[in-house]
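The values are calculated or read from the model by the stated rules, or taken from the named source; none is laboratory data. Quick caveat: nothing in here was measured; it's all calculated off a predicted structure. Every residue, glycine as well, gets a Cβ built from its backbone with ideal geometry; the counts of neighbours run over all protein chains shown. Heads up: the accessible areas ignore ligands, DNA and RNA and are worked out on the full protein's heavy atoms, side chains in. Shrake-Rupley method; radii C 1.70, N 1.55, O 1.52, S 1.80 Å.
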Amino acid sequence: MINFKLNNSLIEDFNKNGFLILDKFIDLRYLNQLRERFEPLFKGEFETGIEPDEWNWRFGRDPDDVTRQICNAWKSDHLIKKIICHKVIGECCSRLMNWNGARLVQDNILWKPPGGKTLGYHQDAAYDDWIIPQTMMTCWMSLDDTSKETGTLEYVKGSHKWGLQPPKGEFHFPDDYKKELNNFAKKSHKKIEIIYVEVPAGGVAFHHGHTWHGSGINNSQYNRRAIVSHCVPFDAKFHPTNTGGTAKIYKKYKKNNNNKLEDTFFPLLWKK
Ligand SMILES: O=C(O)CCC(=O)C(=O)O
């Protein structure tokens, strides 16, 4: 399903830039099947009978021109689980971050239709202050050809070295999707260099949990769909007390008097 081998020069690129963009990752024979999973999921037809943890856009309820998002569709759909929890993703995330293993903390199914609006610039690790260590590594896989015109994912080069800021502002279609980034860069005298993830369908982009990223409007006539695995170190734990970020959704999987991330809810993808 995934054909890819990481090497040292790619790891060096990642360490320098805070992201790694590659044209080939998903076996192209799976692309159509994966695209076909989107419509039933957003209609609430869940193959396993389990509703995802976050289901932010529904047919008939929500406006057409926004980015549609589901979190933890791996629980609802077998094929999505097969790719989201693929061991190669766990191995790549671990080797890029110098971890001894990786587990899934959350997935994302993203569908930006023609005219689909922006997602505000943010740092992924800012949302998981309920995890120790507060870190994250993301594998963003594209099911469509992407370009600046299709409102692709965009990164600020080197921003993984800028430290972590608490999450601020709207994530879904803020008035100015670069506002938080510009405010921070101005305050801390940082220079912004934006790189657009322009890959063919089946391509991938990995990013560090501190890398600033967001995406613009889809000004094309094509859908822009992505499947995303967000990982943490395999031995990460629940923070015993913190309740910020997305804790109110995910801390319900914490047992009383035990900070372990259980495999059932946070699958282990790969371990050395
Ligand atoms: O695909 C996008 O527009 C944003 C993706 C994103 O924020 C992420 O994968 O962390």
Of all strands (runs of 3 or more DSSP E) completely enclosed by the range 141-240, which ones contain at least 1 residues that are more than 10 Å from the ligand (Cβ to nearest atom), of a type in the set (A, V, I, L, M, F, W, C) and closer than 20 Å to residue 107 by Cα? 204-208, 224-233
Exactly one of 171, 206, 184 is in contact with a helix residue (DSSP H, G or I) (Cβ under 8 Å, 6 or more places away or on another chain) and at negative phi, and that one is 206
Sole exception among (1) touching an Asp or Glu at 6+ places or on another chain (Cβ under 7 Å); (2) assigned to a loop (DSSP other than H, G, I, E, B); (3) open to solvent by less than 10 Å² (accessible area, probe 1.4 Å) for residue 41, by number: (2)
Looking at 135, 146, which one is polar (S, T, N, Q) and crowded, with 23+ Cβ neighbours inside 10 Å? 146
Determine if the range 257-264 includes at least one residue that is open to solvent by 60 Å² or more (accessible area, probe 1.4 Å), at pLDDT below 95 and not aliphatic (A, V, I, L, M). yes
Going through the range 1-38 one residue at a time, which ones are open to solvent by 30 Å² or more (accessible area, probe 1.4 Å), closer than 28 Å to residue 68 by Cβ and in a helix (DSSP H, G or I)? 28, 29, 30, 32, 33, 35, 36
Scan the range 193-209 and give yes if some residue there is among the aromatic types (Phe, Trp, Tyr), surrounded by fewer than 21 Cβ atoms within 10 Å (Cβ to Cβ) and in contact with a strand residue (DSSP E or B) (Cβ under 7 Å, 6 or more places away or on another chain), otherwise no. yes
Do we find that residue 60 is assigned to a loop (DSSP other than H, G, I, E, B), open to solvent by less than 50 Å² (accessible area, probe 1.4 Å) and out of contact with any strand residue (DSSP E or B) (no Cβ under 7 Å at 6 or more places or on another chain) in this structure? no
Go through the range 48-83 and report how many residues are farther than 27 Å from residue 115 by Cα and out of contact with any helix residue (DSSP H, G or I) (no Cβ under 7 Å at 6 or more places or on another chain). 5
Checking residue 245 against (1) in a loop (DSSP other than H, G, I, E, B); (2) within 16 Å of the ligand (Cβ to nearest atom); (3) at pLDDT 95 or above; (4) not charged (D, E, K, R), which single condition isn't satisfied? (3)
Within the range 65-84, does at least one residue satisfy the condition of being among the small types (Gly, Ala, Ser) and crowded, with 19+ Cβ neighbours inside 10 Å? yes
With the structure loaded, tell me whether residue 259 is within 14 Å of the ligand (Cβ to nearest atom) and of a type in the set (S, T, N, Q) or whether it fails that test. no
Would you please list the contacts, defined by Cβ atoms under 8 Å and residues six or more apart or on different chains, that run from a residue in the range 112-133 that is within 25 Å of residue 183 (Cα to Cα) to a residue that is within 10 Å of the ligand (Cβ to nearest atom) and basic (Lys, Arg)? 116/224
The range 90-136, residues that are basic (Lys, Arg) and more than 13 Å from the ligand (Cβ to nearest atom): 95, 103
Residue count for the range 153-180, restricted to those that are among the hydrophobic types (A, V, I, L, M, F, W, C) and out of contact with any Ser or Thr (no Cβ under 8 Å at 6 or more places or on another chain): 2
